[in-house]
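A quick write-up on the structure given underneath.
The values are calculated or read from the model by the stated rules, or taken from the named source; none is laboratory data. No experiment lies behind these values; they were computed from the predicted model shown. Neighbour counts are summed over all protein chains in view; Cβ atoms, including those assigned to glycine, are modelled from backbone coordinates with ideal geometry. These accessible areas exclude ligands, DNA and RNA; they are computed on the full protein's heavy atoms, side chains included. Shrake-Rupley method; radii C 1.70, N 1.55, O 1.52, S 1.80 Å.
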Amino acid sequence: YTHAVQELNKALEYYEHQPASRELNEIYHNLGLNYYMQTKFEPAIKYFRLSEDVAEKIANDSRSARAAFYLGDIYNDMGNFPDALKKYLKALELYEKTGNEGSVSNCLTNIATVYAQLKEFDKARVYIAKSLEKFSHSSNTQETYQNYANIGIVYSLMQEYDSALNLFDKGILLTDSTGDDYWKTVFLVNKAEVYTSSGKPDLAVAAYKQ
């Protein structure tokens with residue numbers, strides 16, 4: 001990471017004195033990404049905000065959405081759920097505008113997660129329904145796995161354990177038809193964690209053994 005940051009800073013020395021451009025946006029984005037991957041949240045926030053500002057100046061909605069989404073992720077990781085929600089909602093609006101369906105679905109899921117963290121369960125359910133509806137039309141199996149896993153976790157956060165288990169079981173059935181052992185393991189571990197949280201240790205052990 002250190003070498004990558006050094007190289008990006010060299011490029012920044014040139015582009016930051018030029019008018020706002022895609023190149024400057026990309027440098028700021030990559031600097032933010034490098035710091036985020038190192039869990040250095042403050043500099044990551046700084047550079048994603050700069051990336052967002054440049055994207056807005058050059059009227060690039062896709063890149064504005066990208067920056068807002070990453071800022072939402074960082075705030076979410078920091079437990080700053082109100083600011084995470086603001087950024088995810090902004091990213092959602094922009095991704096809908098640009099027609100990026102996969103990213104729309106990811107935003108819907110993340111917004112549901114934040115509302116669940118905030119204990120605003122009715123709002124979480126609204127975004128869960130929207131996310132599941134989006135993915136019901138998806139032909140991308142990996143995206144479907146991810147959606148089932150993420151929404152199942154949201155249900156678990158709301159202590160709606162039967163709904164969580166239902167989604168994990170749907171995921172397992174899908175893995176049985178595709179032979180995807182990785183995702184089957186993910187769903188089984190998620191089931192075990194739900195059983196543990198709901199006070200059913202014997203079922204948790206059985207899921208882990210599978």
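Things to note:
- When 120, 101, 93 are checked against the criterion of being within 30 Å of residue 63 (Cα to Cα), among the acidic types (Asp, Glu) and modelled with pLDDT under 95, 101 stands alone in meeting it.
- Among (1) in contact (Cβ under 8 Å) with a residue 24 or more places away in the chain; (2) at positive phi - the single one residue 179 does not satisfy: (1)
- Total residues in the stretch 86-138, condition open to solvent by 20 Å² or more (accessible area, probe 1.4 Å), within 14 Å of residue 72 (Cβ to Cβ) and hydrophobic (A, V, I, L, M, F, W, C): 3
- Of the residues making up the stretch 174-210, just one is under 23 Å from the mean Cα position of the chain (by Cα), basic (Lys, Arg) and open to solvent by 50 Å² or more (accessible area, probe 1.4 Å), namely 184.
A quick yes/no check of all residues on (1) under 23 Å from residue 110 (Cα atoms); (2) hydroxyl-bearing (Ser, Thr, Tyr); (3) assigned to a helix (DSSP H, G or I):
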| residue | (1), (2), (3) |
| --- | --- |
| 31 | no, no, yes |
| 45 | yes, no, yes |
| 49 | yes, no, yes |
| 59 | no, no, no |
| 63 | yes, no, yes |
| 71 | yes, no, yes |
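- Any pair with Cβ under 7 angstrom, 6 or more apart, that starts in the stretch 116-142 at a residue that is closer than 13 Å to residue 160 by Cα and ends at one that is not in a helix (DSSP H, G or I): 116/158; 121/158; 124/158
- Count of the stretch 7-29 residues which are open to solvent by 100 Å² or more (accessible area, probe 1.4 Å), assigned to a helix (DSSP H, G or I) and of a type outside the set (Asp, Glu): 3
- Sub-8 Å Cβ pairs linking a first residue in the stretch 55-75 that is under 22 Å from residue 43 (Cβ atoms) to a second residue that is surrounded by fewer than 22 Cβ atoms within 10 Å (Cβ to Cβ) and of a type in the set (Phe, Trp, Tyr), at least 6 apart or interchain, are 70/36; 73/36; 74/36; 74/41; 75/81, ordered by first then second residue.
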